[in-house]
1. Give the residues of the range 378-426 that are touching a Lys or Arg at 6+ places or on another chain (Cβ under 9 Å), open to solvent by 10 Å² or more (accessible area, probe 1.4 Å) and assigned to a loop (DSSP other than H, G, I, E, B), sorted by residue number.
2. Filter the range 117-168 down to the residues that are in a helix (DSSP H, G or I) and either open to solvent by 40 Å² or more (accessible area, probe 1.4 Å) or of a type in the set (A, V, I, L, M, F, W, C) (or both), then identify the one that is nearest to Gly80 (Cα to Cα).
3. Enumerate the pairs (first residue in the range 165-189 and touching a residue at least 60 places away in the same chain (Cβ under 8 Å) and not assigned by the TED database to the domain that holds Thr521; second residue anywhere and assigned to a helix (DSSP H, G or I) and open to solvent by less than 10 Å² (accessible area, probe 1.4 Å)) with beta-carbon separation below 7 Å, excluding pairs fewer than 6 apart on the same chain, so at least 6 apart or on different chains.
4. Would you please list the contacts, defined by Cβ atoms under 9 Å and residues six or more apart or on different chains, that run from a residue in the range 134-151 that is touching a residue at least 24 places away in the same chain (Cβ under 8 Å) to a residue that is among the small types (Gly, Ala, Ser) and open to solvent by 80 Å² or more (accessible area, probe 1.4 Å)?
5. What number of residues within the range 485-502 satisfy the criterion of being more than 15 Å from Phe5 (Cα to Cα) and in contact (Cβ under 8 Å) with a residue 60 or more places away in the chain?
6. Which is within 30 Å of Ser125 (Cα to Cα), modelled with pLDDT of 95 or more and surrounded by fewer than 21 Cβ atoms within 10 Å (Cβ to Cβ), of Glu304, Glu201?
7. Does Lys252 satisfy the condition of being in contact (Cβ under 8 Å) with a residue 24 or more places away in the chain and open to solvent by 20 Å² or more (accessible area, probe 1.4 Å)?
8. Of all residues being in contact with a strand residue (DSSP E or B) (Cβ under 9 Å, 6 or more places away or on another chain) and open to solvent by 20 Å² or more (accessible area, probe 1.4 Å) in the range 333-365, which is nearest to Val294 (Cα to Cα)? Just the residue, please.
Amino acid sequence: MDSYFAISEISGFKYPERNLPEYTFSEQDIDIKNAILKIISLAAAGADSDSYLTELEQVVSGSFFARRYDRLSLVLYAPGISRILITRRFLSGRWSFINVLRRLITHKRLPQFNAKPFYLQVDFSEVPSDVINFFNVGLAKRGAGHFEIGVDGLVVIGSDNKTNLFLPGDAYVRSIAGMKQLRNYLAGKYGDDYIRSAQIERFRSNSFLLSDFAISPLYRGLPDKGTINKKLLEDSCLSAISNILKNFREDKRFLPFYDPALDSYKNFESPERDPVSNPYYNILRHSGGGLACVFYEHYFQSGESVETIRQAIEYLKTRTVLYEQAGRKCGYIYNEEIASLGGSGLALYLVARYQLLTGDRSYDAFSSALAWHLIGQITSSGEFIYRIIDHGKKVEPEDNDKHFSLYYPGEALCGLAKYLAYAPEQEQGYIRKKIQLALNFLINIRPVEKAAEYPALPGNSWLMNAIVELWDYPEFRQENYSHFVFSDARKLIDHMYRADDALYPDYAGGFFNQYGDYPLTDGARLEGLMAAFELAVKLGDKQKQQYLWQVLKLGAWSLARLVNSDLTLYPVKRPDRALGGIRQKYTRQWFRIDSVQHVVCLYSRMLLLWQRME
């Protein structure tokens with residue numbers, strides 16, 4: 001037995017939700033919440049709300065809304081309307097909850113909210129703010145110099161003696177994930193000279209979102225998703241696939257990027273490109289979008305995304321360059337003036353998985369061409385050729401190292417592994433021999449020759465998955481291959497925040513390069529851990545299964561906070577466009593097709609084994 005994966009050591013991965021602030025709301029609190037929302041609705045419509053406000057004042061005492069505070073902030077949101085923020089300090093009782101609410105409902109812009117669905121954010125700041133040197137604090141600092149984006153807020157008192165507030169949750173509302181972004185945002189809003197001369201104070205708050213559904217505690221601006229469970233995973237997959245299918249374009253491409261904060265499709269990676277007529281389009285992410293649908297169908301078996309997968313493959317065919325090599329038809333994917341190993345590898349993985357899912361053999365010739373191209377990219381040493389064309393120019397063999405990629409070989413082997421399931425019998429021996437040659441290099445030689453390319457936090461999930469795919473064939477069931485998978489799994493786990501050591505509650509399940517870093521909530525790396533779990537299943541190793549399952553559940557919990565649900569979208573302009581999107585960071589609103597893909601694939605794979613483990 002492997003002592004690292006001891007079942008007695010899994011308690012630290014359990015129940016991360018228990019570290020978030022816990023609140024209990026009585027029936028009276030819910031009634032008061034409903035009354036508050038009714039008063040706002042009446043006032044927005046121009047109707048008389050005074051009697052309701054008087055009645056509310058009589059019952060609010062002793063309720064949740066009578067919490068002690070140094071500062072109370074009320075923020076009203078509705079889609080497409082600039083929010084209204086009212087904030088007051090307690091000041092010996094002058095600004096009670098009712099008085100602050102009264103200021104909100106008499107705001108001159110309140111009529112804009114009439115007949116609109118709205119949310120009310122309520123922030124109680126219980127401890128007075130403290131003065132900081134705003135330009136000498138940051139995420140990477142420790143102690144008093146640390147500033148936690150999304151947890152710490154700012155009071156900015158300018159030379160004009162005006163008090164300006166940046167609530168802790170405004171990091172999410174304004175899609176800010178770093179200190180540079182925060183400083184640029186404030187300088188853009190108030191002016192750089194104003195910010196540099198201002199007195200800036202830091203504070204924290206207990207934040208809640210009032211909606212027709214509930215009173216929802218917010219942490220880092222985000223509603224709590226509760227404990228990880230089957231329904232949460234299913235609902236996340238359903239909404240994500242709905243978003244993917246709704247945004248699949250007539251030209252057979254996926255929506256590559258959307259930023260709800262700006263209601264913009266313009267990708268920050270290529271700001272010079274028009275997002276409609278000439279978007280930057282990453283062909284690896286295109287195949288990833290198709291794979292999200294494939295793994296979704298493996299579990300849900302709905303059939304609703306099968307045509308989208310087929311259309312995505314048709315698009316890949318339009319990006320394929322065919323050629324002959326040694327009498328065989330070969331083909332590679334060429335897109336954005338690049339022909340990479342990963343582009344062709346993931347294309348084959350998608351096509352092969354689609355054919356095995358549906359039984360549709362109409363792409364046999366296409367998958368064969370891709371497979372034989374990939375086989376031809378394995379050199380005599382076992383190393384792959386990483387790119388054959390870069391920026392429209394042929395890559396010479398002696399320049400292969402300049403295009404080194406940790407990930408491309410695993411992507412190529414995933415494709416070849418699935419192709420083996422239906423490759424012609426007479427081709428099997430040669431293909432398997434070439435795969436063994438590549439694996440020998442990747443597992444035994446590359447880690448030594450290219451040790452400098454390996455980060456402390458592994459990111460080689462595609463190779464981990466390839467080995468699991470190949471485990472179905474006896475000649476690939478080698479101890480050094482399984483050792484690699486479980487060794488990288490250990491390294492990933494060693495670089496994951498646990499529920500019992502996370503610096504902040506929502507760090508749990510995220511990865512770090514160095515302990516103390518802001519967490520990387522990473523579906524791709526968790527797919528590597530999923531591969532290790534699936535290998536443990538194939539090996540019948542129940543100890544590893546139980547250990548890795550708890551780790552996966554913790555990681556899945558962290559990812560759930562990235563999934564755009566109805567409540568999550570309270571501050572965005574167009575919730576209909578963002579629903580089901582899956583972000584990359586807690587407080588960053590934009591999402592890409594690959595950030596959605598990795599989570600859907602992980603969740604679908606977990607769901608297939610949920611009954612076995614739960």
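The values are calculated or read from the model by the stated rules, or taken from the named source; none is laboratory data. From a predicted model like this one, the values you see are computed outputs, not experimental measurements. All Cβ positions, even for glycine, are placed from backbone atoms using ideal geometry, and neighbour counts span all protein chains on display. Only protein heavy atoms, including side chains, enter the accessible area calculation; ligands, DNA and RNA are left aside. Shrake-Rupley method; radii C 1.70, N 1.55, O 1.52, S 1.80 Å.
1. If the condition is that a residue be touching a Lys or Arg at 6+ places or on another chain (Cβ under 9 Å), open to solvent by 10 Å² or more (accessible area, probe 1.4 Å) and assigned to a loop (DSSP other than H, G, I, E, B), then Glu383, Val395, Phe404, Ser405, Leu406, Tyr422 are the ones that fit.
2. The qualifying residue nearest to Gly80 (Cα to Cα) is Phe134.
3. Every condition considered, the pairs that remain are Ile176/Leu182.
4. Close Cβ pairs (under 9 Å, with a partner that is among the small types (Gly, Ala, Ser) and open to solvent by 80 Å² or more (accessible area, probe 1.4 Å)) amount to Val137/Ala144.
5. Residues meeting the conditions: 4.
6. Just a single option satisfies the conditions, and that option is Glu201.
7. yes
8. If we take residues in the range 333-365 being in contact with a strand residue (DSSP E or B) (Cβ under 9 Å, 6 or more places away or on another chain) and open to solvent by 20 Å² or more (accessible area, probe 1.4 Å), then Ala365 is nearest to Val294 (Cα to Cα).
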